[in-house]
Amino acid sequence: MSKVVIIGQGYVGLTIASYASGHFEVVGFDTNQALVNQLNLGISHIEGVDSSILASRVKSGKYKATSLGSEIRNSNVVVIAVPTPLTRDRKPDLSYIEAACRTIGENLADRALIINESTSFPGTLRNIIKPAITRYSEKKFDHDYAISPERVDPGRSDFNQRNTPRLYSGLTAEASRKTRDFYSQFCEKLIEVSSPEVAEAAKLFENTFRQVNIALVNEFAQIAHSLGLSIYETLDAANTKPYGFMKFTPSAGVGGHCIPVDPTYLATVAEQNGAPATFIRRANEVNLQMSKYIVNRVSSDHSGSLEGKNVLVVGVAYKPNVSDVRETAAELVIAHLRNQGAVVSWHDDIVKTWKGEVSAPLSGADIVVVVTKHDSVDSDEIMRSAPYVFDTTGKIKNAQGL
């Protein structure tokens with residue numbers, strides 16, 4: 001187990017590469033040549049990987065990035081860490097997994113351990129990945145296949161690849177053993193489950209749990225407002241109960257690579273197998289509609305019209321202190337504001353550029369809507385930037401809010 005290839009060098013793949021390259025020779029495969037060039041200069045594009053560590057691994061030969069499928073040829077371990085997003089009509093999109101399988105199948109020259117970390121519905125490893133790699137392989141190797149779903153939470157300092165418990169399971173006992181041997185080099189707690197399907201389902205349910213509870217508190221925020229109650233005081237009061245309650249806070253919606261996406265994978269496979277997913281589907285609807293509710297609240301505070309108003313959206317990353325904009329709620333907030341005739345710009349000193357636009361100064365607006373508040377942005381400065389501030393985060397004193 002000397003050479004490891006990680007397919008995909010995004011938030012998940014590069015993080016794994018950073019840890020694994022302390023113990024193995026690691027090749028990070030990605031089809032983005034510009035990203036490959038940057039990584040080979042030792043420059044990290046994500047918050048969870050230190051560029052100085054990456055640069056030292058590149059210099060020592062422990063890590064290199066490539067877009068050449070031939071670099072996979074003599075690998076002992078191949079980890080699939082590619083996106084599993086939704087299509088435009090919000091259905092599961094496995095095209096990146098299919099492409100990864102093709103790259104692996106066409107290039108592996110010998111038997112290897114193939115581990116999927118990409119989130120997908122139960123049965124993906126057994127019924128999609130293994131058959132696809134076999135289909136693309138000229139030689140029909142008896143590869144070992146396993147699943148170990150990623151649990152990366154970008155921006156966290158308390159949990160990382162080393163101390164976050166890792167689920168895993170192989171299609172065979174031998175695959176499970178090899179998977180444990182691999183991850184035990186840089187992960188402290190490994191939990192074997194009885195089948196890959198259990199691991200796949202557990203990952204989906206983890207994030208569905210969060211999606212549903214966020215939807216619940218978002219709906220409750222609307223109820224509290226209609227009753228003239230402070231949602232935050234009410235939640236703090238409920239949180240005094242030492243058991244049977246877990247505090248979630250309202251927001252403009254959900255974002256990132258997991259919570260807006262994974263429940264749809266679970267709902268899809270449930271419905272395909274004749275099981276109801278009503279609760280999951282409704283939670284998704286509530287969270288997607290939250291952005292419209294917020295814009296309507298802002299509009300209501302301005303005599304029902306935002307036509308021609310200069311509105312500054314603060315924070316377009318999906319969560320504080322990261323540059324990740326995948327599935328960000330800010331996108332829907334901005335769309336609804338523009339649909340109501342507002343002139344919209346945005347400020348985010350971490351993202352800086354997004355969708356062909358650049359971060360605007362924190363000043364000169366008629367209205368500010370805070371979607372994400374990074375620690376680097378001063379609350380008082382936000383309050384001074386416009387005569388009206390609507391804060392969806394509950395962090396800014398004296399602002400209007402949920």
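What follows is calculated from the coordinates using simple rules that are stated; it is not laboratory data. Nothing here was measured: the structure is a model prediction, and the numbers come from that model. With ideal geometry, Cβ positions are generated from the backbone for all residues, glycine too; neighbour counts draw on all protein chains shown.
In percent, rounded to a whole number, the relative contact order of the chain is 11, using alpha-carbon pairs under 8 Å and six or more apart. Summarising the strand pairing of the chain, around 10 percent of its internal DSSP beta bridges are antiparallel.
Pull up the DSSP beta bridges for region 204-401 and report the antiparallel fraction as a percent, rounded to 5.
Percent antiparallel among DSSP bridges in region 204-401 is about 10.
In what order do THR328, THR134 fall by count of nearby beta-carbon atoms within 10 Å, going from fewest to most?
THR134, THR328
With the helix formula -39500 (n - 2.57) applied to DSSP H stretches of n ≥ 4, the chain reaches a computed 222 nm mean residue ellipticity of -11500 deg cm²/dmol.
Just want the ordering: ASP375, ASP50, from fewest to most Cβ atoms lying within 10 Å of their own Cβ. Can you show the working numbers first?
Working: ASP375 9, ASP50 12.
Exposure proxy ranking, most exposed first: ASP375, ASP50.
With 10 angstrom as the radius, rank TYR168, TYR232 by how many other C-beta atoms surround their C-beta, starting from the fewest.
Working: TYR168 23, TYR232 16.
Lowest count first: TYR232, TYR168.
Rounded to the nearest 10 degrees, what's the angle between the helix 329-339 long axis and the longest principal axis of the chain, both from Cα atoms, 0 to 90? Rounded to the nearest ten degrees, it is 50. Which of the three applies to region 3-194, rounded, prolate or oblate, going by the alpha-carbon gyration tensor with a ≥ b ≥ c and a/c under 1.5 meaning rounded? Cα axes put region 3-194 in the rounded bin. Just to verify a number: FRET efficiency for ASN40 and SER226, C-beta to C-beta distance, R0 = 45 Å, to 0.05? Rounded to the nearest 0.05, the efficiency is 0.20.
If packing is taken as the average count of other Cβ atoms within 10 Å, what order do 58-65, 196-203 fall into, highest mean first?
On the way: 58-65: 16.6, 196-203: 21.6.
Descending mean neighbour count gives 196-203, 58-65.
Which of (i) 74, 69, 35; (ii) 69, 48, 39; (iii) 65, 53, 42 is the computed Cα extents along the principal axes in Å for the structure on display? It is the one labelled (ii).
Can you tally the net charge around LYS130? Count Lys and Arg as +1, Asp and Glu as -1, for every other residue whose Cβ sits under 14 Å from the Cβ of LYS130.
0
Is the C-alpha gyration tensor of region 262-324 telling us rounded, prolate or oblate? Criteria: a/c under 1.5 is rounded; beyond that, a/b larger than b/c is prolate, otherwise oblate. Oblate.
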